[in-house]
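The structure under discussion appears below in the form of structure tokens.
Just so it is clear, none of the values below were taken in a lab; they were calculated from the coordinates. These figures come from a predicted structure and were not determined experimentally. With ideal geometry, Cβ positions are generated from the backbone for all residues, glycine too; neighbour counts draw on all protein chains shown.
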Amino acid sequence: MKVSGKCIIKSAATFGIVGIILGAFGAHALQETLVANGKLEVWKTAVDYQMIHSVGLLFLGWVLHSSDIDLKNNWLQRSFWCWVIGIFLFSGSLYGLSVGGPKILGPITPIGGVLFILGWACIIPATKKF
């Protein structure tokens, strides 16, 4: 499924907003629980990776929206999807584990991490279009 630069920018903004909210929620409303369970750093890692990839998405969307790059550039599209799914799997599983979610979430985290890596790797062949 192809997405436009504008759609990617909106996705980046949405993930950024949610990341800020979850960061604040973890630092305030959940802090006592996260500290008691020894999961505060896990929560922070989830927020950090979500925010880093939100900024990556913002840049990706900006490049697609403001340049002559063909929106059919499959490598940039793949990067987008890897990062979006990676945020859900990596950060989402860490959020869940932090609040006592099922242990099955543990093996999902590295899948999200691999998707983050693949998303960055997809940018390399995409540069042939620049």
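Return yes or no: is T14 outside any loop (DSSP other than H, G, I, E, B), more than 18 Å from G100 (Cβ to Cβ) and among the polar types (S, T, N, Q)? It is true that T14 is outside any loop (DSSP other than H, G, I, E, B), more than 18 Å from G100 (Cβ to Cβ) and among the polar types (S, T, N, Q).
Taken as a whole, the structure places T127 among residues that are hydroxyl-bearing (S, T, Y), loosely packed, with under 15 Cβ neighbours inside 10 Å and free of Cβ contacts under 8 Å to residues at least 40 places away in the same chain.
Of the residues that make up region 94-108, is at least one touching a Phe, Trp or Tyr at 6+ places or on another chain (Cβ under 9 Å) and over 16 Å from L34 (Cβ atoms)? Taking every residue of region 94-108 in turn, at least one turns out to be touching a Phe, Trp or Tyr at 6+ places or on another chain (Cβ under 9 Å) and over 16 Å from L34 (Cβ atoms). Applying the criterion of being part of a helix (DSSP H, G or I), of a type in the set (G, A, S) and without any contact (Cβ under 8 Å) to a residue 12 or more places away in the chain to the residues of region 17-42, the residue that is nearest to H53 (Cα to Cα) is A24.
Within region 82-104, restricting attention to residues that are part of a helix (DSSP H, G or I) and more than 10 Å from the chain's Cα centre (by Cα), which residue is nearest to I20 (Cα to Cα)? Here the answer is Y95.
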